[in-house]
Every structure is written in structure tokens, then in C-alpha cells.
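The values are calculated or read from the model by the stated rules, or taken from the named source; none is laboratory data. Since the model is a prediction, treat every value here as computed from it, not as a measurement. Every residue, glycine among them, receives a Cβ derived from its backbone with ideal geometry; neighbour counts consider all protein chains shown.
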Amino acid sequence: MCKIRSFCVCLSAILYFWPMVLKEKYTTLQRTLDGMQAQIEDSLSFARNFVPRGETPRSLFSLLKQHTTYRLDPPGVELLQSMPTLMHRNFYGIPGAGDCDCFTIAAVACCKVEKIPVRIVVVGNTQKNPTHVYCEVLDGGKWTPFDLCSPFYGETKKYRYLSIIKVK
């Protein structure tokens with residue numbers, strides 16, 4: 001009886017968190033981007049309730065910066081958290097703790113609900129090995145970095161490789 005109960009508790013926990021957290025060994029950039037897109041879609045209803053109406057890109061950046069804390073993924077694992085998981089029930093046990101892809105998921109979801117044009121940017125030193133992801137928003141007619149790993153709105157580090165990914 002105890003073994004069945006333990007199995008049911010574990011299964012309940014998996015179902016509770018799925019699909020809000022994708023935790024798997026890193027394989028390819030496309031697989032990560034597909035996972036991010038799924039988490040963005042899963043984050044939209046949370047973002048609708050999280051973001052006050054009428055936010056500008058700059059004020060939205062400030063709001064999200066107040067609620068996020070950078071943490072590295074576990075070694076060898078690509079951890080993609082939906083916005084509700086990032087903010088409440090995340091892998092680290094710290095509200096808002098995640099890395100660049102988790103922050104990008106949250107930022108894109110919030111921009112989409114605010115109808116702010118947004119796109120994903122993948123960067124690194126080489127195309128074969130990208131190292132960072134963030135989003136850009138169309139602000140004042142120009143694409144502006146919205147990188148929650150950077151301390152300020154409109155700023156990000158410079159990289160040799162850059163690829164723009166359209167958000168679905």
C-alpha cells in the first residue's frame with residue numbers, strides 16, 4: 001500500500017508541474033527554441049494577470065527586473081520554466097529565479113499580452129555554440145534589447161554571433 005501511495009504522490013507532482021517546467025539534457029538549439037515557444041504559450045494566462053494594462057516596454061522591463069533573480073541551470077541540463085513556475089514554484093525554490101531562457105519566456109509572454117512587438121535573439125561567439133538568449137521589443141520604431149540579465153533597459157553585451165528568431 002505504501003509503495004502505491006508513493007507512486008501516486010510522485011505521479012501527481014509530475015503532472016502538477018508538467019508542462020510548466022521542461023528539464024532535460026541540452027541537445028540542440030532548435031529543441032530549446034521549441035521548448036521555449038511551448039512555455040511562452042503556457043505562460044500567457046499568467047502574464048495577463050501579472051502585468052498591469054498599458055505598460056510600456058521600459059516599465060515592463062522594470063516590473064520584471066523587480067521579480068527576477070539570475071541562477072545558472074543545473075550542469076548539463078536545459079531548464080525551461082514557464083512564467084507561473086518561474087514566479088511561484090520554480091526549480092530553485094526562490095520566486096523569480098531562473099536564467100536567460102526562463103527570463104526570455106516571461107518577457108515574451110508579457111510583451112505578447114501587452115501587444116508589444118517582440119522577437120527572440122540568440123547570441124554567442126559562434127553560430128555552432130550560442131551562449132545567451134534574450135528578446136528585443138519594438139520601442140519608438142526601433143528594435144531595443146529587453147535583456148533581463150542586463151542591469152538596464154536597452155542594454156546587452158555584444159557578441160560575434162547573433163540570430164533573430166520570430167515569435168509565433
Query - Every pair of residues 6+ apart whose Cβ atoms lie under 6 Å, when the first sits in region 150-168 and is farther than 17 Å from residue 63 by Cβ while the second is outside any strand (DSSP E or B) and of a type in the set (Gly, Ala, Ser) - result: 156/150
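Does region 99-118 contain at least one residue that is in contact (Cβ under 8 Å) with a residue 12 or more places away in the chain, of a type in the set (Phe, Trp, Tyr) and more than 23 Å from residue 143 (Cβ to Cβ)?
We begin by selecting, within region 99-118, every residue in contact (Cβ under 8 Å) with a residue 12 or more places away in the chain; these are 99-114, 116-118.
Then keep just the ones that are of a type in the set (Phe, Trp, Tyr); that gives 103.
If we keep only those that are more than 23 Å from residue 143 (Cβ to Cβ) too, we end up with none.
Within region 99-118, not a single residue is in contact (Cβ under 8 Å) with a residue 12 or more places away in the chain, of a type in the set (Phe, Trp, Tyr) and more than 23 Å from residue 143 (Cβ to Cβ).
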Query raised in the report: Any chance region 10-26 includes a residue that's more than 15 Å from the chain's Cα centre (by Cα), surrounded by 14 or more Cβ atoms within 10 Å (Cβ to Cβ) and at pLDDT 95 or above?
Result: no
Query - Matching residues in region 54-89 - criterion: being touching a residue at least 60 places away in the same chain (Cβ under 8 Å), within 20 Å of residue 34 (Cα to Cα) and either basic (Lys, Arg) or in contact with a strand residue (DSSP E or B) (Cβ under 9 Å, 6 or more places away or on another chain) (or both) - result: 81, 82, 85
**Report entry** Test for residue 142: is it among the basic types (Lys, Arg), more than 22 Å from residue 35 (Cα to Cα) and at pLDDT 95 or above
**Finding:** yes
Report summary line: Filtering region 95-138 down to residues that are of a type in the set (Val, Ile, Thr) and at pLDDT below 95 yields 126, 131
Report summary line: Exactly one of 48, 53, 58, 71 is modelled with pLDDT under 95 and either touching a Phe, Trp or Tyr at 6+ places or on another chain (Cβ under 9 Å) or surrounded by fewer than 16 Cβ atoms within 10 Å (Cβ to Cβ) (or both), and that residue is 53
Query raised in the report: When you go through (1) hydrophobic (A, V, I, L, M, F, W, C); (2) loosely packed, with under 15 Cβ neighbours inside 10 Å; (3) touching a Ser or Thr at 6+ places or on another chain (Cβ under 8 Å) one by one for residue 133, which number turns out not to apply?
Result: (2)
Requested in this report: Inspect region 139-153 for any residue being acidic (Asp, Glu), in a loop (DSSP other than H, G, I, E, B) and touching an Asp or Glu at 6+ places or on another chain (Cβ under 6 Å) and give the result as yes or no.
Outcome: no
Query raised in the report: For residues in region 78-97 being touching an Asp or Glu at 6+ places or on another chain (Cβ under 7 Å) and of a type in the set (A, V, I, L, M, F, W, C), which is farthest from residue 110 (Cα to Cα)?
Result: 79
Query - Selection from region 79-121 of residues that are crowded, with 19+ Cβ neighbours inside 10 Å and assigned to a strand (DSSP E or B) - result: 79, 80, 81, 98, 118, 120, 121
Query raised in the report: Within region 46-60, restricting attention to residues that are assigned to a helix (DSSP H, G or I) and either aromatic (Phe, Trp, Tyr) or out of contact with any Leu (no Cβ under 9 Å at 6 or more places or on another chain) (or both), which residue is nearest to residue 145 (Cα to Cα)?
Result: 58
